[in-house]
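Below: one structure, written as structure tokens.
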Amino acid sequence: MERERDRLIKRENVRVCIPRYLQIGKGSLNELPEIIKILGSIKSLLIVTDKQMVAFGYVKMLQEVLSKAGLKSDVFDDTVPDPTDTVVLQGIKFLEKFKNDAVIGFGGGSPMDTAKASMLNATAKITTSIIKFLYVELIVLF
């Protein structure tokens, strides 16, 4: 009988749900509509990424998957390595402009960090400095 650990190691992709979903691995793009459906009444998404993901055509592929599922998407591709408060504020402006229901961080760590910080700040309507908020978040996480 195959052990649970061995079964999990053979998986081609992994889904982490703490508290939201992190989809990693082969075929992950095609899993997104299912995840979005699980999360609830999401109709419009902001894809936070970088210019290389756009240039490689990955963002277009993601938008096609979302469109086939009947979901609207907008793209914020101005992320930078080690995201700054300026970039996060730009992300918040995109969220406010397009009135997206959710955010997808698409790419490496910087797009994911920018996506999280933009969404948290936009939904919490934080009036204090973003730098202070990020610092507090780091203390809480560690």
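Selection of the range 81-109 for residues being within 14 Å of Ala122 (Cβ to Cβ) and of a type in the set (S, T, N, Q) yields Gln90, Asn100.
Show the residue pairs that are 6+ apart or on different chains and have beta-carbon atoms under 7 Å apart, the first residue being within the range 59-72 and more than 12 Å from Leu45 (Cα to Cα) and of a type in the set (S, T, N, Q), the second being buried (at least 16 other Cβ atoms within 10 Å of the Cβ) and at pLDDT 95 or above. From residues that are more than 12 Å from Leu45 (Cα to Cα) and of a type in the set (S, T, N, Q), there are no pairs.
With the condition being at pLDDT 85 or above, of a type in the set (Ser, Thr, Tyr) and surrounded by 13 or more Cβ atoms within 10 Å (Cβ to Cβ), I'd like the helices (runs of 4 or more DSSP H) fully within the range 1-119 carrying at least 1 qualifying residues.
Numbers: elements: 4-9, 28-39, 51-55, 58-68, 85-98.
Qualifying helices (runs of 4 or more DSSP H): 58-68.
The values are calculated or read from the model by the stated rules, or taken from the named source; none is laboratory data. Fair warning: this is a prediction, and the values are worked out from it, not measured in the lab. Glycine also receives a Cβ, built like all others from the backbone with ideal geometry; neighbour counts cover every protein chain displayed.
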